[in-house]
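Undergrad: So that we are looking at the same thing, I have put the structure below in structure tokens.
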Amino acid sequence: MKVSADVRAMIERRKKNYTLEAPFYTSEAIFALDMEAIFRQHWIQVAVEPDVPEPGDYITVEIGLDSILIVRDDDMQVRAFHNVCRHRGARLCNHDKGSLGNIVCPYHSWTYNLNGDLMFAEHMGEQFDRCKHSLKAVHVENLAGLIFICLAEQPPADFAVMRAAMEPYLQPHDLAGCKIAAQIDIVEEGNWKLTMENNRECYHCVANHPELTISLYEYGFGYQRTPANEEGMAAFDETVARRTAQWEAMQLPSAEIDRLADLVTGFRTQRLPLDRDGESQTLDAKIASKKLLGGFEQADLGGLSFWTQPNSWHHFMSDHIVTFSAIPLSAGKTLVRTKWLVHKDAREGIDYDVDNLTAVWRATNDQDRTLVEYSQRGATSSAYEPGPYSPFTEGLVEKFCEWYIGRLAAYGDAPQTDDAGADAPVSHGEKVVSFMR
Amino acid sequence: MKVSADVRAMIERRKKNYTLEAPFYTSEAIFALDMEAIFRQHWIQVAVEPDVPEPGDYITVEIGLDSILIVRDDDMQVRAFHNVCRHRGARLCNHDKGSLGNIVCPYHSWTYNLNGDLMFAEHMGEQFDRCKHSLKAVHVENLAGLIFICLAEQPPADFAVMRAAMEPYLQPHDLAGCKIAAQIDIVEEGNWKLTMENNRECYHCVANHPELTISLYEYGFGYQRTPANEEGMAAFDETVARRTAQWEAMQLPSAEIDRLADLVTGFRTQRLPLDRDGESQTLDAKIASKKLLGGFEQADLGGLSFWTQPNSWHHFMSDHIVTFSAIPLSAGKTLVRTKWLVHKDAREGIDYDVDNLTAVWRATNDQDRTLVEYSQRGATSSAYEPGPYSPFTEGLVEKFCEWYIGRLAAYGDAPQTDDAGADAPVSHGEKVVSFMR
Amino acid sequence: MKVSADVRAMIERRKKNYTLEAPFYTSEAIFALDMEAIFRQHWIQVAVEPDVPEPGDYITVEIGLDSILIVRDDDMQVRAFHNVCRHRGARLCNHDKGSLGNIVCPYHSWTYNLNGDLMFAEHMGEQFDRCKHSLKAVHVENLAGLIFICLAEQPPADFAVMRAAMEPYLQPHDLAGCKIAAQIDIVEEGNWKLTMENNRECYHCVANHPELTISLYEYGFGYQRTPANEEGMAAFDETVARRTAQWEAMQLPSAEIDRLADLVTGFRTQRLPLDRDGESQTLDAKIASKKLLGGFEQADLGGLSFWTQPNSWHHFMSDHIVTFSAIPLSAGKTLVRTKWLVHKDAREGIDYDVDNLTAVWRATNDQDRTLVEYSQRGATSSAYEPGPYSPFTEGLVEKFCEWYIGRLAAYGDAPQTDDAGADAPVSHGEKVVSFMR
């Protein structure tokens, strides 16, 4: 996909510490560019190991017009394939999840094994070469139970950097030893970047999130000291320092790592104390599941947050994990998929109650959806113009924008071999056109 | 927005006294041009004073992708602002109407007063200049209680001509002293120009509007004398002349003024007698509200009609007022907003009954919606070609088309400074492309 | 409409015996081309004589944005007109079917007779020439009761070839002497070519159509002998030969004619034996209506199938007829209209039961809809690439594709006079743009 001159101009003139120009939020053509330059070129968090606990278990995930089949093979490896039959192109698995022995196309019964090899195809004759008709594989990485896929031919190599940094933080929570207690999909009527920008600051928290701020200190989410908040921040920083020292002494890495803007596979993490009873992100700040994760024996481990570019954020606590994955659906529509995980041996109704487990983030997601939708409606206005980010509370939003604009610029600069010649494969969509009036 | 060569060609070759070529009704690109060249450049009737009776009362109005906040300030002036926060661009007021002290953004609580000044913005630091972040104002005019807005930087100056002509006609009905007894929005699945063309003739009335023609003579709505209607028209003209003389003697200006086609801010007015009991546009042609408007002591004052280009028409009677505002939603979809107003002291259920008050125009609007939709479906056909207007009954339709085509031509001829250089602001939409196959 | 360079390139490089490239199934621009080059240039089966049994009976049919009025005139001829008033362009008949004396426009009562002549138009004055405002006629052909229309100015002349071949096959079933016992419209969320490709093979039948394969041998629908099916095919061929000889001795032409790929008006026919009781395509393979068609005295006449390019297929049995007409609605949406016909004197509830009559094809259509939708979803994937057709079971699918690609190529090669000059009529849509990323 070619980046048009006016989009390049918008990329180049992007004003630091200001929101993006409106077409980045509203244009379907830039949406198409985002899907190509961001969502097909980067590592996208889409699933967790407990989505496919047993061999043959699968889920399907849709990214743009692509359906991806994520399946656990007989060797317990998580694999990903394009969910498309090599015969007439039918979608193979037409449910969100399930379990299967082989992958059998519903149309003419072409049959693939869990490695994607075509095992059987009737009526095709002697000349037919089964080996040339395997399922197309998709790159997949499993980071301590978080499943990332990449649709590019050459995925970004620096996933290894994120893995090396993050595994020590995440592994103690033993995500692979969890089960999904609840999953809720919501569709926000807003651009995915507004979803992400909303996620990257807590300036809006006090006025909008009464349930979340029971346990969460907004200070920990990108705040800088100012004369106005001097006192509160100092007390908070002291608490963080003290708790961090305690946790690290327990072999729980907790200090902030911020690689949001300098890596292709950008990420950030920090373990932060929680308020009140300090155990979990719940309505009473106590644990929601009696069966603690991994080998934990102590409940008040705060909240280990993990943010990735371009599309995910996660909170790991002593008793449960909440994962969030945002998937763009159109310029003005975004899927936010939230999963709540507890120890796989925790018993519903006895060790945990789903309503209690999910209460805070159900409410918070719904509040954020409303804010994202207000932002989207405003961005479509002719009166919209980029506005200033707070230097003291919206620094991580700026890092998201910086990363995004940088990735678009890098994509625009790369040679676009797709378009080179007459033999080029033909895409289904219309090309990116100009945005000038 | 640039007017493409083929649209210019269609403008130039428009055949007088014939319907427009199909793309004017069906093309989304011409819809975008209409929104820019007509609805952003002219005075658009969108509200009435009684929408915002008290300081702090507001309504929001959507024109295209713009949301406009119409608010009465503490000095009782009606003001209009773009409903967009200057911080992250969130829509400020997310309800159709309400009342407020200050305008507080729901996202991060930026707070504006009713003059649009930014009064408060947390976390922005010392460097931040609040004065540069006021709400963006929109031009507003109040014509005897009818509220018009204009989104252009330089609104058409001849609003003053319309005001000078119309105030004497409208003021006796004291719209500002009314209250809204009912408001009904309908969405017609047709182009806004089909809505307007339908409004500008009564050739279709007898066959389609049994309720309306109880009180209304179709002759008064653009009919010319022909041999076929000689007798009826002569009798009608005699009645009009006699009644006009009576009304004018009562200081009620009543004679026809027709500036539909020669002004940028085109309009037409006439006070016309009503049939049967002759008092009001109701099912029995009697007044629907016992409390007469303004200082009126007499019920049979006929119907004072007021039409404006591009989007409104109104009927002022002795006991109530009906206002109609058409707002395009897409090439094939138009909002028609109807408000019924009675004296603010009239008591519902005692002085007036809402069902009776609204019966005629509820039925008539619904009938017109159906006709507009039949027209839209026909215009999408490959067999559609411009058809001839009746020279005797569709002269005002022709004047609407003439005005419209003239305004598009003027827009196309004006220098389009928006597109001048690389630093030009970038719009959200795709540019107008060609219409040739 | 101009065929863009990249679409021409796709047409030229189409690989025989492989499914089409994805944009042929997914692009709205190619959909527009299909509507123009295929559905406006060829004979489209849209109705049956029993849709309009009496003078004044009409149905309306929509093809793309065109509404076509099919009406029986006072001389019992079936006529077709564009359903558009020549005055303001309103759609004249706004119901699926009905009966009328004259055609009266609902807007201003312009009145046409059943020949399309404008008989009456009020207020138009002396200068107005009624003769220049007749309804626009559409070409129509009646093939033994099957109604085809063509929107081209010059329809393909080889309809006569199909008529000469098919009348002897079809007439004994006396479609004109039938009545419509049931009609069901379904909308498939897939491209119309996927609907047609699905119709042109029975490779998918055994795994998907338990009801249909009660009576139907899949062998008869495009199967070639292979070592693998040698035995079954030999037995089937023997049965076909024996039954064909019997039927032809009864003056029922039955042998295969295949002109799918070599004619502009491509078609194929064959009378095939049915399994079990061998009488009809029902759940017990017995007749569904006791009153046999035409002059038939024998029930086991097999199934006479008739396929046409681009959009229809039909099964004629001794007791009933099922007709299928596919009409594209968008790149990803297709209307499939099925009609079940029985002898006009057959009595519902006595001679036939509608549930029993329609059971097989209701189930089968629904199964095929699902398969088409799986295919459409797959074709939108970036991983989709043309896959190989079975040389033994998908030969008729290849013929459909071959015909389709050939017709597009012929359209692209023809001089496109529409676009020639500045006076050209202007279409409503945007032009076909490039498909390159």
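Since every read-out is calculated from the coordinates, none of them should be taken as a lab result. Predicted model only: the values in this text are computed from it and were never measured. FYI the Cβ positions are ideal-geometry reconstructions off the backbone, even for glycines, and counts take in every protein chain you see.
Undergrad: Which residue, A:GLU189, A:GLU153, A:GLU402, has the most motion in a Gaussian network model of chain A that connects Cα atoms within less than 10 Å?
TA: In the Gaussian network model the winner is A:GLU153.
Undergrad: Taking every residue in A:122-133, how many Cβ atoms of other protein chains lie within 10 Å of its Cβ, on average?
TA: Per-residue shielding by partner chains comes out at 4.
Undergrad: If packing is taken as the mean number of other Cβ atoms within 10 Å per residue, what is the order of B:203-213, C:280-290, B:404-414, highest first?
TA: C:280-290, B:203-213, B:404-414
Undergrad: Using the per-residue mean of other Cβ atoms lying within 10 Å as a proxy for protection, in what order, highest first, do the peptides C:137-144, C:160-167, B:229-236 fall?
TA: C:137-144, C:160-167, B:229-236
Undergrad: With chain A treated as a Gaussian network of Cα nodes joined by springs under 10 Å, which of A:PHE324, A:PHE81, A:PHE316 yields the largest mean-square fluctuation?
TA: A:PHE81
Undergrad: Can you tell me, using C-alpha contacts under 8 Å and at least 6 residues apart, the relative contact order of segment A:111-252 as a whole percent?
TA: 13 percent
Undergrad: What does the charge count near A:SER305 come to, summing +1 for each Lys or Arg and -1 for each Asp or Glu among other residues with Cβ under 9 Å from its Cβ?
TA: +2
Undergrad: What dipole magnitude, in Debye to the nearest 20, does chain B give about its Cα centre under +1 on Lys/Arg Cβ and -1 on Asp/Glu Cβ?
TA: Using Cβ point charges on Lys, Arg, Asp and Glu, chain B gives about 680 debye.
Undergrad: I would also like to ask the following. Taking C:GLU167 in one copy and the same position in all the others, each labelled 7 Å out along Cα→Cβ, what are the pairwise distances from the first, in nm, shortest first?
TA: In nanometres, ordered from closest: 8.1, 8.2.
Undergrad: Moving to a separate point now. Once you wrap a convex hull around the alpha carbon atoms of the protein assembly as shown, what is its projected area averaged over all directions, in nm²?
TA: 54.9 nm²
Undergrad: Relative to the Cα centre, what is the charge dipole magnitude of segment A:256-353, using +1 at the beta carbon of each Lys and Arg, -1 at the beta carbon of each Asp and Glu, and rounding to the nearest 20 debye?
TA: Roughly 460 debye for segment A:256-353.
Undergrad: Separate question: Averaged across B:387-395, how many Cβ atoms of other chains sit within 10 Å of each residue's Cβ atom?
TA: Average per residue, whole number: 6.
Undergrad: Relative contact order of segment A:230-283: what whole-number percent is it, with Cα pairs under 8 angstrom and at least 6 residues apart?
TA: So the answer I get is 27 percent.
Undergrad: Right, here's the next one. Where Lys and Arg each count +1 and Asp and Glu each count -1, what net charge lies around B:ASP277 among other residues with Cβ under 9 Å from its Cβ?
TA: Overall, the nearby charge balance is -2.
Undergrad: Now, a different point. List the cysteines in chain B whose Cβ has no other cysteine Cβ under 4.7 Å from it.
TA: B:CYS93, B:CYS131, B:CYS150, B:CYS178, B:CYS401
Undergrad: In nm, what does the list of distances from A:ASP355 to its counterparts in the other copies look like, shortest first, when each label sits 7 Å along Cα to Cβ?
TA: Its label point is 4.3, 4.3 nm from the equivalent points in the other copies.
Undergrad: Let me ask something else about it. So what is the relative contact order for chain B, in percent, with contacts set as C-alpha pairs under 8 Å and at least six apart?
TA: Answer for chain B is 22 percent.
Undergrad: Shifting gears a bit: With springs only between Cα atoms under 10 Å, which of B:ALA228, B:ALA80, B:ALA359 fluctuates most in a Gaussian network model of chain B?
TA: Of B:ALA228, B:ALA80, B:ALA359, the most mobile in the Gaussian network model is B:ALA228.
Undergrad: Next up: Would you work out if segment A:214-303 is rounded, prolate or oblate? Take a ≥ b ≥ c from the square roots of the eigenvalues of the alpha-carbon gyration tensor; rounded if a/c is under 1.5, else prolate when a/b is larger than b/c, oblate otherwise.
TA: oblate
Undergrad: In peptide C:225-237, what is the residue-averaged number of other protein chain Cβ atoms found within 10 Å of each Cβ?
TA: That works out to 1 on average.
Undergrad: OK, next. In terms of Cα to Cα distance under 16 Å, which lysines are near enough to B:LYS333, apart from those fewer than 8 places away along the same chain?
TA: Filter leaves B:LYS193.
Undergrad: Another question, then. Quickly estimate the mean residue ellipticity at 222 nm for chain B, helices only: each DSSP H run with n ≥ 4 gives -39500 (n - 2.57), and the total goes over all residues, rounded to 500.
TA: After summing the helix terms and dividing by the residues of chain B, the value is -7500 deg cm²/dmol.
Undergrad: For chain C, what is the convex hull (Cα atoms) projected area averaged across all directions, in square nanometres?
TA: Value for chain C: 22.9 nm².
Undergrad: Right, here's the next one. List, shortest first and in nm to one decimal, how far the label point of A:MET76 (7 Å from Cα along Cα→Cβ) is from its counterparts in the other copies.
TA: For A:MET76, the inter-copy label distances come out at 8.1, 8.1 nm.
Undergrad: For segment A:282-331, what is one quarter of the convex hull surface built on the Cα atoms, given in nm²?
TA: 4.7 nm²
Undergrad: Now, a different point. Once you've got the Cα coordinates, tell me which of B:LYS16/C:LYS132; B:LYS136/B:LYS179; B:LYS179/B:LYS290; A:LYS15/B:LYS132; A:LYS291/A:LYS339; B:LYS97/B:LYS344 are over 21 Å apart.
TA: B:LYS136/B:LYS179
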